[in-house]
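Heads up: the structure comes next, in structure tokens.
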Amino acid sequence: MSKHKNLIPLSIPNIDDNEYKYLKECLDSGWVSSAGPFVDRFEKAVAGYTGAKYAVSCINGTAGLFIALKLSGIKYNDEVIVPTVSFIAPINTVRYTGGQPVFMDCDDYLNLDVDKFSRFCEKECVLTKNGLKNKRSARIIKAVMPVHVFGNPCNMEAIMKIAKKFRLKVIEDATESLGAYYTKGAYRNRFTGTIGDFGVYSFNGNKIITAAGGGMIVTGNKNLAERAKYLTNQAKDDPINAVHNEVGYNFRLSSLQAALGISQLEKLNSFIKIKKINYGLYKEELKGMEGLEVLGIPDGTIPNYWFYSLIIEKEKYGCDRKKLMLELASKGIETRPLWYLCHMQRPYLKNQAYSITRAFWFWNRVLNIPCSTNLTENQVRKVALTIGELKETIWKS
């Protein structure tokens, strides 16, 4: 427990009376596990919101990514191109299939660097009758898994062109970007997660909406959606006599989670509006503060503003992001650094990492600051003011 009574947390769920109403409805109906109408309602609601043809719920985003990889044909020793700037979950799902990740650098928005991705496929691989062969490992690369980091959409137009050229499946990790979409180009008005062969959303407690966990697989392919539903529900061929012709998974979402998710989804647009306002307020309050910059937004996109990333230049601000994080914590303000780069994680030290440079630069400088949808204007100003005061204190000390 923090010693601060007025702690400003990094990212917490925004729950009100409507959630209790839906949960009570669920409890009163007696449908609290994975059966009943609420799961189906949630799947239809997510499909309706995003424009995806099909949506299949699951226990969390990680399970969803794993199923998407399996249905994309990823098997033992197949390779999947992944970003090094990511939470480790999507990388682990590649290993769950027996596959191997190949790590790519990030761009100026922390997303997968499409130029290096293209160059890697062109220079370091050869297209064979069996697929894209990695010259170094002699393995076949089957897919790419872009992550829409912190709600900023990746350059999916470029990724899809490269993937098509080199016959790669595309699994979008949209776990952080529900509600983000494109305003220009080939995918104008399309939501993240709905462009690749699969997209996966997460409803973890710190996401823009929550179902107390939970995930959703979306796809435009009916057969793949049916297969996803089959595998996540223990591969039941005859549920009455408990006949299973394949190895399935107990990845089902509960009705209680679905009820919570439905009520949260109804407020997603208002949450994004709040996030956008607070993002702009942070930008305004921190404007002109030497050594600090709020991470920008890719051109032609509308993010969901899930996380706000502060870029700290030690020489100009007066301290690095680690010291600033500790100083803010002492003032009751919770922050978080950028994840430890995935290609440096112990399980992946032997995996190929292609020309990683920009990711190191951001890793040393990025600090995520409070961004909850119930964050008040006064709290935003307090965070910004404290950051400014600490700068003055540090330079004087």
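The values are calculated or read from the model by the stated rules, or taken from the named source; none is laboratory data. Predicted, not measured: the structure shown is a model, and the values here were computed from it. Positions of Cβ are backbone-derived with ideal geometry, glycine not excepted, and every protein chain shown enters the neighbour counts. Heads up: the accessible areas ignore ligands, DNA and RNA and are worked out on the full protein's heavy atoms, side chains in. Shrake-Rupley method; radii C 1.70, N 1.55, O 1.52, S 1.80 Å.
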- Message: in contact (Cβ under 8 Å) with a residue 24 or more places away in the chain, open to solvent by less than 50 Å² (accessible area, probe 1.4 Å) and touching an Asp or Glu at 6+ places or on another chain (Cβ under 8 Å): which single residue out of Met160, Met145 fits that description?
- Response: Met145
- Query: Given Lys287, Lys382, which one is more than 18 Å from Phe87 (Cβ to Cβ), open to solvent by 10 Å² or more (accessible area, probe 1.4 Å) and touching a residue at least 60 places away in the same chain (Cβ under 8 Å)?
  - Reply: Lys382
- Item | Residue selected from segment 220-236 under the condition outside any helix (DSSP H, G or I) and either small (Gly, Ala, Ser) or within 15 Å of Gly199 (Cβ to Cβ) (or both), by the criterion least open to solvent (accessible area, probe 1.4 Å) | Ala235
- Query: Would you say Ile369 is under 30 Å from Phe120 (Cα atoms), of a type outside the set (Phe, Trp, Tyr) and in contact (Cβ under 8 Å) with a residue 24 or more places away in the chain?
  - Reply: no
- Note on the structure: Within segment 257-278, residues being surrounded by fewer than 20 Cβ atoms within 10 Å (Cβ to Cβ) and not β-branched (Val, Ile, Thr) number 7
- Task: Please work out which residue is farthest from the chain's Cα centre (by Cα), limiting yourself to segment 105-119 and to residues that are surrounded by 23 or more Cβ atoms within 10 Å (Cβ to Cβ) and outside any loop (DSSP other than H, G, I, E, B).
- Result: Phe117
- Item | So Leu256, is it closer than 23 Å to Ala68 by Cβ and in contact with a helix residue (DSSP H, G or I) (Cβ under 8 Å, 6 or more places away or on another chain) | no
- Message: Please go through (1) open to solvent by 10 Å² or more (accessible area, probe 1.4 Å); (2) in a strand (DSSP E or B); (3) touching a residue at least 60 places away in the same chain (Cβ under 8 Å) for Glu176 and return the number of the only condition it doesn't satisfy.
- Response: (2)
